[in-house]
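Here is the structure we will look at, set down as structure tokens.
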Amino acid sequence: MGSSERATFNNKVVSWIDERLPVFTLMQKEYGVFPTPRNFNYFWNFGAIAMFMLIAMIATGIFLAMNYTAHVDMAFDSVERIDRDVNWGWLLRDIHMNGASFFFIAVYIHIFRGLYYGSYKKPREILWILGVVIFLLMMATAFMGYVLPWGQMSYWGATVITNLFSAIPLVGDGIVKWLWGGFAVDNPTLNRFFALHYLLPFVIFAVVFLHVWALHVSGSNNPTGIEPKGKQDTLPFHPYYTMKDTFGLLVYLVIFCAFVFYAPDYLGHPDNYREANALVTPAHIVPEWYFLPFYAMLRAITFDVGIPGTDIVFISAKLGGVIAMFGSIALLFVLPWLDTHPIRSARYRPQFRLFLMIFLAAFVVLGYVGSQPADAALAGVPLQVIGLLGTAYYYAFFLVVLPWLNKTEKGKDVPKSIYDAVMAAEGKKK
Amino acid sequence: MTAGSKSQAGIVTGQVGHSADDGATRRDFLFLTAGSFGAVGAGIAAWPLVHSMNPAKDTLALSTTEVDISKIEKGQSITVMWQGKPVFVRHRTEDEIDQARKVDLSALGDKQEDTARVKKDREAWLVVVGICTHLGCVPVGQKPSESRGDFGGWFCPCHGSHYDTSGRIRKGPAPKNLAVPPYEFLSDTLIKIG
Ligand code: HEM
Ligand code: FES
């Protein structure tokens with residue numbers, strides 16, 4: 001960002017500011033002329049959409065916080081008051097509530113895009129890892145946000161999830177008391193969750209900044225997975241992708257608005273409109289939909305790991321479930337070193353594509369399993385078994401399939417350049 | 001910090017002449033010790049922040065509850081709150097005590113005699129924390145209308161754990177027996193939990 005690389009601006013004020021603090025040069029370089037692969041498809045919209053959702057969450061959240069009371073005796077009523085009495089309060093809340101879901105939808109698609117087109121591979125490892133960090137922070141933020149309305153699901157979800165940590169040998173119980181600030185999920189817990197729920201989105205914002213910074217060092221990947229080799233392969237970000245991103249965002253927002261205005265509680269759970277009650281557990285505790293696949297992995301492990309025929313147990317079923325759940329995210333961190341195949345894009349890797357699609361299906365099935373009671377069955381097969389199989393495939397995909405494909409998959413011929421690929425596709429159309 | 005780069009460090013040691021054989025200098029040593037002290041200091045400074053999240057003194061002070069048990073008939077059970085948690089106080093029938101006592105220990109996941117879970121000469125009274133040791137749901141079985149599971153104690157609907165008439169885990173994913181809180185009989189009709 002040295003002054004020597006500054007752009008020139010006709011406007012005197014802009015020029016004056018830019019000489020002292022080159023923000024305009026920066027914007028011009030990173031978002032104006034920034035060379036961007038010319039062949040993006042709509043999968044490349046979801047980063048911008050996620051960014052928009054983050055800002056919308058922070059904006060609505062700050063105004064909700066002005067009317068929210070983080071106390072066990074008042075939290076539930078204060079949220080009802082937001083819904084009924086605060087001017088436009090219902091809108092703020094419905095945007096925030098559904099915004100969390102639509103933030104996750106965008107981010108899940110964004111992550112899948114990265115998997116499909118191999119965007120985590122060299123030189124984008126850190127970019128990818130920062131993305132996984134954002135995903136983790138989002139999960140923590142959404143989990144704590146869901147506790148704030150202090151409904152039955154808030155309370156029992158918080159109880160079940162914080163209790164997970166008690167599975168850790170020796171220090172587990174101490175950690176849980178520390179998280180609670182008491183002997184159960186109670187007022188101290190609600191207070192700290194509110195404080196952290198307010199803080200974490202800004203931490204996310206900072207990590208997003210690093211994420212985008214790393215992106216602008218390596219440049220974007222693209223559907224072919226080939227690096228741009230020259231001007232014929234790229235377009236300036238503005239106006240081409242500013243327009244495409246805006247268009248995609250508007251379409252997304254139309255769907256979002258349909259939920260906010262016509263089905264605001266569709267994605268939620270009716271039990272959360274009952275105030276938290278420490279004496280009555282709802283018959284069936286379910287987390288928000290975006291946690292379901294991970295919840296299924298948590299419940300998939302129902303057996304102790306130890307020496308058979310004795311009472312010696314190394315990993316209890318409870319700890320096993322916790323390890324399976326957190327491990328599934330840990331795998332994402334090391335993915336760039338598990339899949340080292342030289343071809344990036346699944347377009348030119350038919351075998352990888354097949355296994356990835358099965359992976360996607362397994363993830364969706366796990367989501368379904370997570371949404372059902374633990375002892376349910378599907379067509380006579382206990383969901384318990386399906387959940388275990390899905391979890392096994394999730395792990396096998398990373399630890400067996402990818403390393404094996406590294407060695408065996410030949411892949412298809414990769415075009416010489418993005419330009420060639422685009423022209424060949426155009427030719428086929430005509 | 002250009003001074004840390006190899007070539008410059010070399011010049012410095014050359015001039016001052018304190019270089020040990022392995023190339024470590026007095027400056028390296030000072031950097032390291034200052035750095036370690038800084039790190040330890042930062043760690044100690046963080047402790048009050050971390051510890052402020054542990055249960056506060058007033059939370060700890062609320063930690064006993066007295067319960068009048070004179071009105072609980074045989075076979076009945078009541079729920080009281082202790083430290084924000086439900087505690088089950090159950091007046092067991094002879095049958096239930098028998099059932100709990102004749103179980104072979106090898107049939108249990110978390111091996112414990114019934115006698116170790118009740119007070120001597122007060123075996124009719126079972127006092128346990130009403131929180132499933134799996135993931136913290138409140139088991140059902142307190143009301144006559146509720147299922148008491150396959151072993152006559154409690155049943156946790158969340159993931160299907162069955163507890164017996166001594167509150168011991170018999171079936172399902174929970175790893176431990178329902179916890180027995182610290183308590184004492186102040187008189188025949190009054191107990192203090194905590
Ligand atoms: C990463 C961004 C965020 C996510 C994913 C998120 C998620 C959530 C979720 C899932 C809820 C529960 C909604 C419900 O069921 O009622 C919630 C509630 C809440 N959030 Fe956020 N939030 C975010 C950012 C923020 C920010 C930045 C603030 C404050 C500055 C905030 C303040 C609140 C408040 C006051 C509530 C309680 C009111 C309510 O339940 O509607 N949120 N949040
Ligand atoms: S919480 Fe009771 S069985 Fe899971």
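The values are calculated or read from the model by the stated rules, or taken from the named source; none is laboratory data. Since the model is a prediction, treat every value here as computed from it, not as a measurement. Glycine gets a Cβ as well: all are built from the backbone with ideal geometry, and neighbour counts include every protein chain shown.
Residues that are β-branched (V, I, T) and either within 28 Å of A:F291 (Cα to Cα) or touching a Phe, Trp or Tyr at 6+ places or on another chain (Cβ under 6 Å) (or both) were ranked within segment A:320-359; the one that is nearest to the other protein chains (Cβ to nearest Cβ) is A:V322.
Residue by residue, here is whether (1) more than 10 Å from every other protein chain (Cβ to nearest Cβ); (2) touching a helix residue (DSSP H, G or I) at 6+ places or on another chain (Cβ under 8 Å); (3) part of a helix (DSSP H, G or I) holds:
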site: A:L170; (1), (2), (3): yes, no, no
site: A:K177; (1), (2), (3): no, no, yes
site: A:P188; (1), (2), (3): no, yes, yes
site: A:F193; (1), (2), (3): yes, yes, yes
site: A:L200; (1), (2), (3): yes, yes, yes
site: A:I204; (1), (2), (3): yes, yes, yes
site: A:V212; (1), (2), (3): yes, no, yes
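For the residues B:R148, B:R168, the requirement of being out of contact with any Gly (no Cβ under 7 Å at 6 or more places or on another chain) and either of a type outside the set (D, E, K, R) or at negative phi (or both) singles out B:R168. Restricting to segment B:158-170, what's the tally of residues that are more than 10 Å from ligand 2 (Cβ to nearest atom) and over 16 Å from B:W125 (Cα atoms)? Looking only at that region, the number is 1. In the set B:W82, B:W125, only one residue is among the aromatic types (F, W, Y), surrounded by 16 or more Cβ atoms within 10 Å (Cβ to Cβ) and within 27 Å of A:A276 (Cα to Cα); that residue is B:W82. For segment B:39-75, residues that are more than 14 Å from chain A (Cβ to nearest Cβ) and crowded, with 16+ Cβ neighbours inside 10 Å total 3. Entry remark, segment A:285-319: residues being of a type in the set (A, V, I, L, M) and within 12 Å of chain B (Cβ to nearest Cβ) number 9 in total. Contact annotation: residue pairs with Cβ atoms under 7 Å, 6 or more positions apart or on different chains, pairing a residue in segment A:141-153 that is assigned to a loop (DSSP other than H, G, I, E, B) with a partner that is more than 16 Å from ligand 2 (Cβ to nearest atom) and charged (D, E, K, R), are A:W150/A:E275.
Put simply, of A:L136, A:L199 the only residue that is at pLDDT 95 or above and within 11 Å of ligand 1 (Cβ to nearest atom) is A:L199. In this structure, A:F355 does not qualify as closer than 30 Å to A:G157 by Cβ and either of a type in the set (S, T, N, Q) or under 27 Å from the mean Cα position of the chain (by Cα) (or both). Taking helices (runs of 4 or more DSSP H) as the structural unit, those lying wholly within segment A:1-108 and holding at least 1 residues that are more than 27 Å from the chain's Cα centre (by Cα) and not charged (D, E, K, R) correspond to A:12-20, A:23-27, A:75-84. Of the listed requirements (1) more than 8 Å from ligand 1 (Cβ to nearest atom); (2) charged (D, E, K, R); (3) buried (at least 20 other Cβ atoms within 10 Å of the Cβ), A:R84 misses just one: (3). Residues in segment B:49-69 that are farther than 16 Å from B:Y183 by Cβ and of a type in the set (G, A, S): B:S52, B:A56, B:A61. With the condition kept exactly as written, say whether any residue in segment B:164-172 is more than 9 Å from every other protein chain (Cβ to nearest Cβ), loosely packed, with under 15 Cβ neighbours inside 10 Å and out of contact with any Ser or Thr (no Cβ under 7 Å at 6 or more places or on another chain). No; the residues of segment B:164-172 include none that is more than 9 Å from every other protein chain (Cβ to nearest Cβ), loosely packed, with under 15 Cβ neighbours inside 10 Å and out of contact with any Ser or Thr (no Cβ under 7 Å at 6 or more places or on another chain). Scanning segment A:262-292 for residues that are in contact (Cβ under 8 Å) with a residue 12 or more places away in the chain and part of a helix (DSSP H, G or I) returns A:D271, A:N272, A:Y273, A:W289, A:Y290, A:F291, A:L292. Picking from residues in segment A:245-257 that are out of contact with any helix residue (DSSP H, G or I) (no Cβ under 7 Å at 6 or more places or on another chain) and surrounded by 12 or more Cβ atoms within 10 Å (Cβ to Cβ), the one that is farthest from A:A48 (Cα to Cα) is A:C257.
Does A:T391 meet the test of being β-branched (V, I, T), over 30 Å from A:I301 (Cα atoms), out of contact with any Ser or Thr (no Cβ under 6 Å at 6 or more places or on another chain) and modelled with pLDDT of 95 or more?
no
Filter segment B:173-191 down to the residues that are farther than 15 Å from B:V89 by Cα and buried (at least 20 other Cβ atoms within 10 Å of the Cβ) and list them by number. B:P173, B:A174, B:N177, listed by residue number.
On the stretch given as segment A:120-154, residues that are within 20 Å of A:I82 (Cβ to Cβ) and away from ligand 2 (no atom under 16 Å from the Cβ) total 11.
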